[in-house]
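Here is the structure we will look at.
The values are calculated or read from the model by the stated rules, or taken from the named source; none is laboratory data. Bear in mind that the values here come from a model prediction, so they are computed numbers and not experimental data. For neighbour counting, all protein chains shown are included, and Cβ atoms are generated from backbone atoms with ideal geometry for every residue, glycine included.
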Amino acid sequence: MTASVHQTEQLLFTVLLQLIVMIGAARILGGLFRRMGQPAAVGEIVAGLMLGPSLFGYLFPGASAALFGAKPDPAITILSQIGLVLLMFQIGCGFEFGRLQSPRLRPKRPRRRRPRGMWSRAQWWGRSIGQRRPAPSPSSRLAIR
């Protein structure tokens, strides 16, 4: 019984610590982006990207593994899915369907088609530049590892 209680407490502590770090980073960057004139959601998305393996995991692999682990816990995965559903619900509640019928948002006349000459000129320039450029040697290509 004590081992299962200890595992539950450890899982609760880990999930709460992850939530504190994620929500704190999202609030800080959301406020910062709002002051820069951007939507807070952009800052929150950037915070999520920064806490992921591409930045935090790359710069501090030990801290990232200790905080988030090699793979996400089932509890944080379920919480993220619930958060996504609530976000979609919030967006749907705030959407103004009357704006779809606004004449201001409708185009007043059909769009003009671009003349074919513009396309053929761009295509001609692209081909002529491509033919004059020497083909790269296999040794000059970048190796992706």
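Computed quantities for the displayed model
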item	result
Any hit, the range 40-59, residues being of a type in the set (Asp, Glu), under 15 Å from residue 83 (Cβ atoms) and assigned to a helix (DSSP H, G or I)	yes
Contacts under 7 angstrom Cβ, first residue in the range 64-93 being free of Cβ contacts under 8 Å to residues at least 60 places away in the same chain, partner assigned to a loop (DSSP other than H, G, I, E, B), 6 or more apart	64/53
Matching entry among 25, 41 (being in contact (Cβ under 8 Å) with a residue 24 or more places away in the chain and aliphatic (A, V, I, L, M))	25
Selection status of residue 80, part of a helix (DSSP H, G or I), on the phi < 0 side of the Ramachandran plot, of a type in the set (Ser, Thr, Tyr) and modelled with pLDDT of 75 or more	yes
Subset of the range 29-39 (residues that are surrounded by 13 or more Cβ atoms within 10 Å (Cβ to Cβ) and either within 17 Å of the chain's Cα centre (by Cα) or within 15 Å of residue 83 (Cβ to Cβ) (or both))	29, 30, 33, 38
Options 36, 50: the member that is more than 20 Å from residue 91 (Cα to Cα) and in contact (Cβ under 8 Å) with a residue 24 or more places away in the chain	50
Complete set of residues in the range 40-65 that are of a type in the set (Ser, Thr, Tyr) and either surrounded by 14 or more Cβ atoms within 10 Å (Cβ to Cβ) or over 19 Å from residue 76 (Cβ atoms) (or both)	58, 64
Checklist (1) in contact (Cβ under 8 Å) with a residue 40 or more places away in the chain; (2) over 17 Å from residue 79 (Cα atoms) applied to residue 17, failing item	(2)
